[in-house]
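Q: Structure incoming, see below.
The values are calculated or read from the model by the stated rules, or taken from the named source; none is laboratory data. Everything numeric here is computed off the predicted structure, so don't read it as measured data. Every residue, glycine as well, gets a Cβ built from its backbone with ideal geometry; the counts of neighbours run over all protein chains shown.
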C-alpha cells in the first residue's frame with residue numbers, strides 16, 4: 001500500500017460519518033469542482049484506518065516560531081494551483097515562495113537548474129533565494 005493514506009489518516013481526525021464527508025463535498029464542490037469528490041472520499045479510508053491519531057493537526061498551521069520555510073510553487077501545476085502556493089507562503093509566519101514558471105506537478109528534482117540550486121542551497125546551507133525569485 002502506498003504511503004498517502006498513512007500520512008493523511010495520521011494527520012487528519014478519522015470519522016465514519018457519511019454526513020461529514022457529504023459536508024466536505026458540499027464545501028468544495030463550487031470552489032474546486034474537480035477535487036470535491038476526491039477530497040470527500042479520501043477521508044473515508046481514515047474512518048477504518050487501524051492506527052489511532054494521537055497527535056492531530058492543530059486548527060491553525062502558521063509555522064509560528066519555525067525557521068524559514070520554503071514553498072515551491074509551479075505556475076502551471078494542474079494538481080496544486082499556484083495561488084495555493086502563494087497563499088501558503090503568505091500564511092506561514094516564516095514562509096517564502098520560490099516560483100517555477102512552467103508546467104507540471106512539482107518543480108524540484110530536475111525540471112529547472114535554478115529551482116534545484118535554490119532548494120539545495122536552502123536545505124544544505126540555509127541560504128534563502130532573493131525575494132520574488134522566479135525560475136524557468
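Q: Just one of (1) under 19 Å from residue 108 (Cβ atoms); (2) assigned to a loop (DSSP other than H, G, I, E, B) trips up residue 72, so point out which.
A: That leaves (2) as the condition not met.
Q: Moving on to the next point. Given (1) loosely packed, with under 12 Cβ neighbours inside 10 Å; (2) closer than 19 Å to residue 87 by Cα; (3) under 17 Å from the mean Cα position of the chain (by Cα), identify the lone condition not met by residue 35.
A: So residue 35 meets the others, but not (1).
Q: Could you grab me the full set of residues in region 1-32 that are in a helix (DSSP H, G or I), within 26 Å of residue 83 (Cα to Cα) and free of Cβ contacts under 8 Å to residues at least 40 places away in the same chain?
A: Hits for region 1-32 are 4, 7, 8, 21, 22, 23, 24, 25, 26, 27, 28, 29.
Q: Being out of contact with any helix residue (DSSP H, G or I) (no Cβ under 6 Å at 6 or more places or on another chain), more than 26 Å from residue 32 (Cα to Cα) and assigned to a loop (DSSP other than H, G, I, E, B) is the filter here, so list the residues in region 94-127 that pass it.
A: Correct list: 94, 109, 110, 111, 112, 126.
Q: May I ask you to verify whether residue 43 is outside the structural domain of residue 8 (by TED's automatic domain parsing), without any contact (Cβ under 8 Å) to a residue 60 or more places away in the chain and either touching a helix residue (DSSP H, G or I) at 6+ places or on another chain (Cβ under 8 Å) or not in a loop (DSSP other than H, G, I, E, B) (or both)?
A: Taking the combined requirement at face value, the residue does not satisfy it.
Q: Next question, about the same structure. Kindly establish whether residue 110 is within 30 Å of residue 31 (Cβ to Cβ) and not assigned by TED's automatic domain parsing to the domain that holds residue 32.
A: Judged against the criteria, residue 110 is not a match.
Q: While we're here: Please state which one of 67, 56 is closer than 30 Å to residue 114 by Cβ and more than 15 Å from the chain's Cα centre (by Cα).
A: When all the criteria are applied, what remains is 67.
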